[in-house]
Amino acid sequence: MRHLISLKEQSKEDIRKILDIAQKLKARHKTGEITNLLPNKTLIMLFQKTSTRTRLSFEAGMTELGGHAIFVDSRTSQFSVTDFGDEIKAVMCFGDILMFRAIAAADVVLAAAFNKIPVIDACSEKYHPCQALGDILTMSEYSGELENVKKIAWLGIENNISNTLKLACAKLGIKVAIAAPEANEPPIDKGLNSMTDATGNVSYTKDVREAVSGADYVHTDTWMDMEFFEGGKIKPQFAEEYERRKKIFAPYQLNAELIDNYAPRAKIMHCMPCHVGYEITRDAIDHPNSIIFDQAENRLHIQKAIILWLLDKKI
Ligand code: CP
Ligand code: NVA
């Protein structure tokens, strides 16, 4: 049974196959063609954390595939009062595929280990494979084809997004230059780092100018993950750490001045949500080189491709 957890399990050919399905589905979507390939199939969407794009793209994607998606919020279901393993085993009786936004990647692995239905990590503290695949789709579109994507830069904190993006790029032969003063501790996966290091495609620097130089795409992401926020405000226990990170990461900000002076041909990318004025500035989001909203839209097309690939459904 196929699962999509960290992209460590997927080959270069698997990634290319998912991209190919996404491109075909997107082309059909643009012509208004109906693609109800999954009638009577149910996607269960379990969230332990907040979401805008992931929920909407999976739910809309399942509608477009002719199936149904059920949203389950772990806080308003019975997860908090019982054993996680028992509850997730029961949950998986009600659907054909599970999308899980987990606080801990270990729980995604646990769910997948039951091998009842395909399981997708929909952004744990360690991985976000759906975002990485969507980003590769976006870059291949803007470059004309995947082979034309030669180098990307990642600025700021190393985290769940950079883990899966660098792994996908490294497998595909795309150079990744990471300019980061430090890595976020919970996302560190030594096995993943060994895999990317072995390709020779990933380099590390403290110099943002060096990282963006010659890059086709410059990516960044929030310095503080969603679990550090409550109602849009930083939780009191993380306030001190937030202040510390603001100082450390400020020189790694993605802004128009950096792009205009050191990478004028590079496209600007961010998985969203953006923390404006921190890891990215308003002038970068609205910059002519920004492709952030196309990047967001592609989550829809890649989600559908991931679902079809996991279910081994031909299109
Ligand atoms: N990029 C992304 O996964 O966005 P959400 O957190 O809004 O789902
Ligand atoms: N690193 C961010 C990604 C959001 C999609 C987080 O985990 O909150």
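The values are calculated or read from the model by the stated rules, or taken from the named source; none is laboratory data. Predicted model, so just to flag it, every value in this text is computed and none were measured. Every residue, glycine as well, gets a Cβ built from its backbone with ideal geometry; the counts of neighbours run over all protein chains shown. Areas reflect the complete protein model, heavy atoms only, side chains present, ligands, DNA and RNA absent. Shrake-Rupley method; radii C 1.70, N 1.55, O 1.52, S 1.80 Å.
When a/c reaches 1.5 or more, the comparison of a/b and b/c decides; with that in mind, is region 226-315 rounded, prolate or oblate per its Cα gyration tensor?
Here region 226-315 falls in the oblate category.
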Which whole-number percent is the relative contact order of region 1-156 (Cα, under 8 Å, 6+ apart)? 26 percent
Region 156-315 - percent of accessible surface contributed by carbon and sulfur, probe 1.4 Å: 52 percent
Cα centroid separation, region 280-315 to region 127-185 (Å): 13 Å
Quick check on the chain: what does the Kirkwood estimate of hydrodynamic radius come out to from the alpha carbon pairs, in Å? 19.8 Å
Here region 196-201 yields Karplus 3J(HN,Hα) values (6.51, -1.76, 1.60; θ = phi - 60°; whole Hz; Gly and Pro given as x) of 5, 4, 5, 6, x, 9
Based on the alpha-carbon gyration tensor of region 183-261 and its eigenvalue square roots a ≥ b ≥ c, which shape applies: rounded if a/c is under 1.5, prolate if not and a/b is larger than b/c, or oblate? oblate
Using the charge dipole of region 159-215 (Lys, Arg: +1 at Cβ; Asp, Glu: -1 at Cβ; taken about the Cα centre), state which of 191, 163, 176 has its Cα farthest towards the positive end. 176
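Report the full-extension gain for the segment residue 150 to residue 257: residue separation times 0.36 nm, less the Cα-Cα distance, to one decimal in nm.
Taking residue 150 through residue 257 to full extension adds about 36.2 nm, to one decimal.
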Give me the number: length gained by fully extending residue 27 to residue 104, i.e. 0.36 nm times residue separation minus the C-alpha to C-alpha distance, one decimal in nm. 24.2 nm
Which residues' amide hydrogens lie under 5 Å from the amide hydrogen of residue 229, considering only partners 5 or more residues apart or on another chain, with H built in the peptide plane? 235
Nearest 10 degrees, 0 to 90: helix 129-142 Cα axis against the chain principal axis: 60 degrees
What is the percent carbon and sulfur in the accessible area of region 36-100, measuring with a 1.4 Å probe over the protein chains and ignoring ligands? 51 percent
May I ask for the longest run of the chain untouched by GluC sites (Glu not before Pro) that are loop-located per DSSP and have at most 16 neighbouring C-beta atoms (other than their own) within 10 Å? 183-315
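Please state the shape class of region 1-86: rounded when a/c is under 1.5, otherwise prolate if a/b exceeds b/c and oblate if not, all from the C-alpha gyration tensor.
Working: a/c = 2.34, a/b = 1.46, b/c = 1.59.
The shape class here is oblate.
Taking K and R as +1 and D and E as -1, what net charge do the other residues with C-beta under 10 Å from the C-beta of residue 168 add up to? Don't skip to the end; give the middle numbers.
Details: positive: 12, 166, 171; negative: 135.
Net charge around residue 168: +2.
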per DSSP, antiparallel bridges as share of beta bridges in region 164-315, % nearest 5, sits at 15 percent
Got the relative contact order for region 230-286 handy, in percent, Cα pairs under 8 Å and 6 or more residues apart? 40 percent
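Over region 233-315, average the accessible area per residue using a 1.4 Å probe and give it in Å², no decimals. Write out the running numbers ahead of the final one.
Values: 3940 Å² over 83 residues.
The answer is 47 Å² per residue.
Quick one: dipole size for the chain, taken about the Cα centre, charges +1 on Lys/Arg Cβ and -1 on Asp/Glu Cβ, in debye to the nearest 20. Don't jump to the answer; show the numbers that get you there.
Working: 39 positive and 42 negative charges, 129 e Å.
Here the chain has a charge dipole of around 620 debye.
Region 164-315: Rg/Rh from Cα coordinates, Kirkwood Rh?
Values: Rg = 16.8 Å, Rh = 17.2 Å.
Here the Rg-to-Rh quotient is 0.98.
What 222 nm value per residue comes from the helices of the chain, counting each DSSP H run with n ≥ 4 as -39,500 (n - 2.57) and dividing by all residues, nearest 500 deg cm²/dmol? Spell out each step's value before the answer.
Values: 12 runs with 132 residues, N = 315.
Taken over the chain, the calculation gives -12500 deg cm²/dmol.
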Most mobile of 213, 143, 77 per a Gaussian network model of the chain (Cα springs, under 10 Å)? 77
Round to a whole angstrom and tell me the spacing of the C-alpha centers of region 19-54 and region 199-267. 30 Å
Out-of-range pairs (alpha-carbon distance over 19 Å; input 49/247; 17/171; 12/151): 49/247
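When the dipole is taken about the Cα centre of region 225-315, and only Lys, Arg (+1) and Asp, Glu (-1) are charged at their Cβ, what size is it in debye, to the nearest 20? If you can, show how the numbers build up before the last one.
Working: 13 positive and 14 negative charges, 61 e Å.
Dipole about the Cα centre, nearest 20: 300 debye.
Quick check on the chain: of the DSSP beta bridges with both residues there, what percent are antiparallel, nearest 5%? Please list the in-between numbers first.
Working: 2 of 38 bridges.
Approximately 5 percent, going by the DSSP bridge assignments.
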